[in-house]
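Novice: A single structure is presented below for examination.
The values are calculated or read from the model by the stated rules, or taken from the named source; none is laboratory data. Here the structure is a predicted model, which is why all the values come from computation and not from measurement. Positions of Cβ are generated from backbone atoms using ideal geometry, with glycine treated the same way; all protein chains shown enter the neighbour counts.
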Amino acid sequence: MFQGLHLLIPAKADPERDAVARAWEVGGGTVLRVDRFWSPPEVEPAKTRLYGNDTFCLVLAQKLGLTLESPVDDLLLRVDASWLGREVLGSTLEQVVTGPFPRFIKPQVPKLFRARVWNEPEALLEECRGLDPKTLVLSSEVVDVRAEARAWVLNGRVVMCALYEGEGDVSTARSFLDTVARRTQLPPACVLDAAWVEGSGWVLLEANAAWGAGLNGCDASEAARCIAAATHT
């Protein structure tokens, strides 16, 4: 399955990455654990795939001339609103602090500040000190989440789904996320998260890049297939 392909992962041990590494090797590929990722090993880019944290993968992709496939940052603003089960709005940092609180707020570009429920604008402004007021954000009303599920998606189909928070019916979560995957423009591989919201059922929580997503209870072999499709020259 992965014959001739090199998977580059961080040198530091991690249970989920180690599981993916074992699955990669079982599938016939080779795994290279990279410590100094700013100085990549000599590998053929066309036969190289990446899996790790954002900084690790983004720097290596730049150094090796690779493209990392990721869902668009504003995906939640583009999908069918009935899949969201809550009001989700796109705005800027300077706009969102004038709105009602508490509210769940996250940057459209991941990791610029912590994505969480903010109870007052002052705390959010302190968190975002130094950021451009025009920074794009997503905000939503606070809902009662009872369970969360993760699905790995390959070529528009869910290949694996598991619960990672709370208790719920994973088969209905998978069915819902498979519908989302089939009807949404997504990269060749990605991860979709769903939440069970009281009164709404399963709703789309967020989408993440396969090259940086944790397993969250999913099978490493299926995840590895998605990871292989998430990097290319």
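Novice: Check Leu60 against each of (1) within 19 Å of Cys226 (Cα to Cα); (2) outside any helix (DSSP H, G or I) and name the one condition it does not meet.
Specialist: The number of the failed condition is (2).
Novice: For Leu76, indicate whether it is under 22 Å from the mean Cα position of the chain (by Cα), assigned to a helix (DSSP H, G or I) and under 26 Å from Ser140 (Cα atoms).
Specialist: yes
Novice: Here is a check on your reading of the model: is Thr98 part of a helix (DSSP H, G or I) and not aliphatic (A, V, I, L, M)?
Specialist: The answer is no for Thr98.
Novice: I need the full set of residues from the stretch 1-30 which are outside any strand (DSSP E or B) and among the hydroxyl-bearing types (Ser, Thr, Tyr), in order please.
Specialist: Hits for the stretch 1-30: nothing passes.
Novice: Just checking, does the stretch 167-187 include any residue being more than 14 Å from the chain's Cα centre (by Cα), within 18 Å of Arg116 (Cα to Cα) and either in contact (Cβ under 8 Å) with a residue 24 or more places away in the chain or not in a helix (DSSP H, G or I) (or both)?
Specialist: No: zero hits.
Novice: Run down Ala11, Ala21 and say which single residue is without any contact (Cβ under 8 Å) to a residue 24 or more places away in the chain and either outside the structural domain of Val109 (by TED's automatic domain parsing) or of a type in the set (Val, Ile, Thr) (or both).
Specialist: Unique residue meeting the criteria: Ala21.
Novice: Moving on to the next point. Among the candidates Arg36, Arg78, which residue alone is more than 25 Å from Thr184 (Cα to Cα) and of a type in the set (Lys, Arg)?
Specialist: After ruling out the rest, the residue left standing is Arg36.
Novice: Taking into account only those residues within the stretch 79-112 that are of a type in the set (Lys, Arg) and closer than 24 Å to Cys57 by Cβ, which is nearest to the chain's Cα centre (by Cα)?
Specialist: Only one residue tops the list, namely Lys111.
Novice: Please determine, by comparing only the residues of the stretch 48-101 that are basic (Lys, Arg) and surrounded by 13 or more Cβ atoms within 10 Å (Cβ to Cβ), which one is nearest to Trp152 (Cα to Cα).
Specialist: Taking the candidates together, the pick is Arg49.
Table: residues versus (1) modelled with pLDDT under 95; (2) in contact with a Phe, Trp or Tyr (Cβ under 9 Å, 6 or more places away or on another chain); (3) among the hydrophobic types (A, V, I, L, M, F, W, C).
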| residue | (1), (2), (3) |
| --- | --- |
| Leu138 | no, yes, yes |
| Glu141 | yes, yes, no |
| Asp144 | yes, no, no |
| Ala149 | no, yes, yes |
| Arg174 | no, no, no |
| Leu177 | no, yes, yes |
| Arg182 | no, no, no |
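Novice: Pull up the stretch 126-147, narrow it to residues that are in a strand (DSSP E or B) and of a type in the set (A, V, I, L, M, F, W, C), then point me to the one that is surrounded by the most Cβ atoms within 10 Å (Cβ to Cβ).
Specialist: Top of the filtered list is Val137.
Novice: With respect to Val43, determine if the residue is without any contact (Cβ under 8 Å) to a residue 40 or more places away in the chain, in a loop (DSSP other than H, G, I, E, B), in contact with a strand residue (DSSP E or B) (Cβ under 8 Å, 6 or more places away or on another chain) and outside the structural domain of Ile227 (by TED's automatic domain parsing).
Specialist: Yes; evaluated as a whole, the condition is true for this residue.
Novice: Here is a further query. Among the residues of the stretch 148-173, which ones are within 14 Å of Trp83 (Cα to Cα), touching a Cys at 6+ places or on another chain (Cβ under 8 Å) and surrounded by fewer than 21 Cβ atoms within 10 Å (Cβ to Cβ)?
Specialist: none
Novice: While we're here: Looking at (1) in contact with a helix residue (DSSP H, G or I) (Cβ under 7 Å, 6 or more places away or on another chain); (2) at negative phi, find the lone condition where Val59 falls short.
Specialist: In the conditions (1) in contact with a helix residue (DSSP H, G or I) (Cβ under 7 Å, 6 or more places away or on another chain); (2) at negative phi, Val59 misses (1) alone.
Novice: Right, another one. Could you run through the stretch 184-204 and say how many residues are over 19 Å from Glu222 (Cα atoms), out of contact with any Phe, Trp or Tyr (no Cβ under 7 Å at 6 or more places or on another chain) and hydrophobic (A, V, I, L, M, F, W, C)?
Specialist: Counting residues in the stretch 184-204 that are over 19 Å from Glu222 (Cα atoms), out of contact with any Phe, Trp or Tyr (no Cβ under 7 Å at 6 or more places or on another chain) and hydrophobic (A, V, I, L, M, F, W, C) gives 2.
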